[in-house]
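To keep things clear, I will list the structure first and then write my remarks on it.
The values are calculated or read from the model by the stated rules, or taken from the named source; none is laboratory data. Predicted model only: the values in this text are computed from it and were never measured. Cβ placement follows ideal geometry from the backbone for every residue including glycine, while neighbour counts extend to all protein chains displayed.
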Amino acid sequence: MNNREEIRSQFLALLAPFVDRRADQPITESTSLLDDLNVNSARFVDIILEAEEKFNISIDDTAADRMRTVGDAIDVIMEKSEVQSRVQTAVRP
Amino acid sequence: MKRVVITGLGVVAPNGVGVREFQDALRQGRSGLRFEQRLAELNFGCQVLGTPPSPENIGADVLTPQQWRATNSAMRFAAAAAVECWRDAGFEWHPGHDGPVDWHTAVYFGTGVGGVDSIAEKVGPLTLTGQTRRLGSSGAEQAMCSGVSALVGGILGAGGQVCTNSSACATGTEAIINGYRLIAHGYADRVLAGAAEGNQIYAAACFDAMKVTARGWNGSPERASRPLSATAAGFVPACGSGALLLESWESAEHRHAKVYAEITGASFVCGGQRAGGSMTASSPEGVRRCIAAAVRESGLHPDEIDYVNAHLTATGNDPREVANLRCALQLDGDRFPWINATKSMIGHALGASGAIECVATLLQMEGEFIHPSMNCEDLHPAVATVAVRIPQEYIAREVRTALKTSFGFGDVNACVIFSKPN
């Protein structure tokens with residue numbers, strides 16, 4: 001499965017259209033999605049949907065609530081990817 | 001009452017995107033109507049549509065990536081026309097514009113069916129298959145009727161009334177009338193007024209079912225829209241957007257803005273769906289009263305009106321519409337104003353038609369010409385008395401006063417009079 005750097009890079013690409021263009025500070029793992037990147041809170045559900053599609057995972061509401069910073073989001077994506085990977089392995093004939 | 005002038009124009013039309021391209025197309029009598037293979041596959045009777053070239057890209061240069069992904073084509077067309085209009089009026093603007101709120105500007109932007117494509121292709125299928133979660137965040141703003149005005153208001157930072165009106169095929173002209181009245185009564189200095197209809201096939205489907213769209217011309221789409229013609233057999237559905245910046249005389253003068261024309265009279269009435277009027281037809285008396293009221297408000301004598309940009313859709317109503325004009329103006333023969341049908345080139349953009357055709361009217365006034373009314377070489381015998389006033393070719397001529405008429409389902413009638421300021 002993807003390593004953390006690769007997931008980070010793919011997540012930031014997915015995030016780009018949602019980031020307010022005025023936010024020009026460097027993005028680190030502790031960067032807050034809503035406060036630092038000025039992501040419109042109403043659009044947050046779209047980021048979840050796009051992440052689900054891109055990484056072929058399911059993100060439940062509890063996990064989505066944990067995605068406050070870039071690092072949190074990567075944690076959730078990695079965690080769900082591992083779950084997904086185990087499920088796929090388990091059902092492989 | 002404050003005087004109201006037009007200081008900016010913007011347009012997305014089937015035969016021209018942007019006012020200069022549209023003005024050229026009008027001069028040349030260039031059609032924006034094309035055969036649509038998809039409609040043939042879907043068993044439409046009328047397989048011709050008026051759609052702007054490369055419709056999927058329109059609005060991309062004025063919306064941020066985030067706005068783009070949360071909009072449907074009606075909203076994108078509205079944004080494209082509104083931004084062109086705002087810039088044409090001399091205001092600075094760039095995508096993602098984040099200047100202060102303009103508390104003196106309002107937005108009156110209408111639509112007939114708005115985001116029906118979002119509802120039909122996204123909200124409906126996902127809801128009915130148990131996938132509401134996948135609608136994401138923008139289902140509501142694309143489905144709501146006011147999606148067009150909300151987007152335009154936000155783009156411009158308008159702090160006055162931001163509103164969507166909807167009155168079927170009179171929508172666009174009604175938006176302009178409402179905006180005019182807002183300024184005249186002192187509620188705003190500027191109103192970005194117009195209407196948009198998206199690139200969708202569902203409204204066309206409804207009219208196809210009513211058998212009021214043009215059948216029999218699928219093999220020659222540019223000839224399909226035939227207002228005033230003896231062989232007119234229905235309208236050609238179209239889409240697009242038109243925008244006017246209405247401004248108080250004082251505000252325009254203060255900014256040294258270019259003035260296209262002044263709105264000197266307007267009327268919006270309903271025929272009451274009596275005496276020949278119904279949900280789908282105009283009462284002759286309602287139409288005549290509407291025209292007469294607008295003329296009366298303008299203070300003009302009917303024979304001072306140089307030109308009428310008529311509603312004329314190419315259904316069986318065209319002769320009645322001309323008869324109503326002759327009766328309301330009490331003019332006939334060569335005393336009748338010049339009259340043409342912009343729909344002969346672009347089809348019927350439904351809710352947006354009045355707005356696009358008001359832009360066409362003002363571009364003719366600016367360019368000092370009257371565009372040819374296409375496809376009426378076989379003029380309907382019932383309009384013979386005014387034949388000399390129906391241009392078959394481009395006419396170079398100053399237009400000092402113009403009447404724009406729009407009529408819609410619900411027996412609603414909208415008329416506005418534009419005059420060049422003295």
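Within segment B:263-299, count every residue that is among the hydrophobic types (A, V, I, L, M, F, W, C), touching a Ser or Thr at 6+ places or on another chain (Cβ under 6 Å) and surrounded by fewer than 21 Cβ atoms within 10 Å (Cβ to Cβ).
2
Could you say whether any residue in segment B:17-26 is within 27 Å of residue B:160 (Cβ to Cβ) and at pLDDT below 95?
The answer is no; no qualifying residue exists.
Among the listed residues A:45, A:87, identify the single one that is out of contact with any helix residue (DSSP H, G or I) (no Cβ under 7 Å at 6 or more places or on another chain), in a helix (DSSP H, G or I) and modelled with pLDDT under 90.
Exactly one residue qualifies, and that residue is A:87.
Just give me the residues in segment B:25-41 being hydrophobic (A, V, I, L, M, F, W, C) and out of contact with any helix residue (DSSP H, G or I) (no Cβ under 8 Å at 6 or more places or on another chain), in sequence order.
Selection gives B:40 alone.
Would you check which residues across segment A:10-64 are more than 12 Å from chain B (Cβ to nearest Cβ), touching a residue at least 12 places away in the same chain (Cβ under 8 Å) and not hydrophobic (A, V, I, L, M, F, W, C) and list them?
Selection gives A:10, A:28, A:29, A:30, A:31, A:32, A:36, A:54, A:56.
Look at residue B:140 and say whether it is touching a helix residue (DSSP H, G or I) at 6+ places or on another chain (Cβ under 7 Å), more than 19 Å from residue B:203 (Cα to Cα) and either of a type in the set (Phe, Trp, Tyr) or at pLDDT 95 or above (or both).
Spelling it out, it is not the case that residue B:140 is touching a helix residue (DSSP H, G or I) at 6+ places or on another chain (Cβ under 7 Å), more than 19 Å from residue B:203 (Cα to Cα) and either of a type in the set (Phe, Trp, Tyr) or at pLDDT 95 or above (or both).
Answer with yes or no whether residue B:384 is free of Cβ contacts under 8 Å to residues at least 12 places away in the same chain, within 20 Å of residue B:316 (Cα to Cα) and not charged (D, E, K, R).
For residue B:384, the condition - free of Cβ contacts under 8 Å to residues at least 12 places away in the same chain, within 20 Å of residue B:316 (Cα to Cα) and not charged (D, E, K, R) - is met.
So is residue A:7 surrounded by 15 or more Cβ atoms within 10 Å (Cβ to Cβ), more than 14 Å from every other protein chain (Cβ to nearest Cβ) and assigned to a helix (DSSP H, G or I) or not?
yes
For segment B:105-151, enumerate the residues that are more than 14 Å from every other protein chain (Cβ to nearest Cβ) and surrounded by fewer than 16 Cβ atoms within 10 Å (Cβ to Cβ).
Hits for segment B:105-151 are B:120, B:121, B:124, B:125, B:127, B:128, B:129, B:130.
Quick check on my filter: what residues within segment B:33-87 are of a type in the set (Phe, Trp, Tyr) and in contact with a strand residue (DSSP E or B) (Cβ under 7 Å, 6 or more places away or on another chain)?
B:35, B:77, B:86
Yes or no: segment A:10-22 includes at least one residue that is more than 10 Å from the chain's Cα centre (by Cα) and polar (S, T, N, Q).
No, that holds for no residue.
Examine segment B:72-84 for a residue that is within 19 Å of residue A:45 (Cα to Cα), at pLDDT 95 or above and within 14 Å of chain A (Cβ to nearest Cβ), and state whether such a residue exists.
No.
Among the listed residues B:19, B:4, B:12, which satisfies the condition of being out of contact with any Ser or Thr (no Cβ under 7 Å at 6 or more places or on another chain) and crowded, with 16+ Cβ neighbours inside 10 Å?
B:19 is the lone residue from the list that is out of contact with any Ser or Thr (no Cβ under 7 Å at 6 or more places or on another chain) and crowded, with 16+ Cβ neighbours inside 10 Å.
Among the residues of segment B:156-202, which ones are in a loop (DSSP other than H, G, I, E, B), surrounded by 24 or more Cβ atoms within 10 Å (Cβ to Cβ) and of a type in the set (Ser, Thr, Tyr)?
Across segment B:156-202, the qualifying residue is only B:164.
Looking at segment B:303-354 only, could you name the residues that are among the polar types (S, T, N, Q), touching an Asp or Glu at 6+ places or on another chain (Cβ under 6 Å) and farther than 13 Å from residue B:403 by Cβ?
B:342
When you go through (1) surrounded by fewer than 17 Cβ atoms within 10 Å (Cβ to Cβ); (2) within 30 Å of residue B:71 (Cβ to Cβ) one by one for residue A:88, which number turns out not to apply?
For residue A:88, the failing item is (2).
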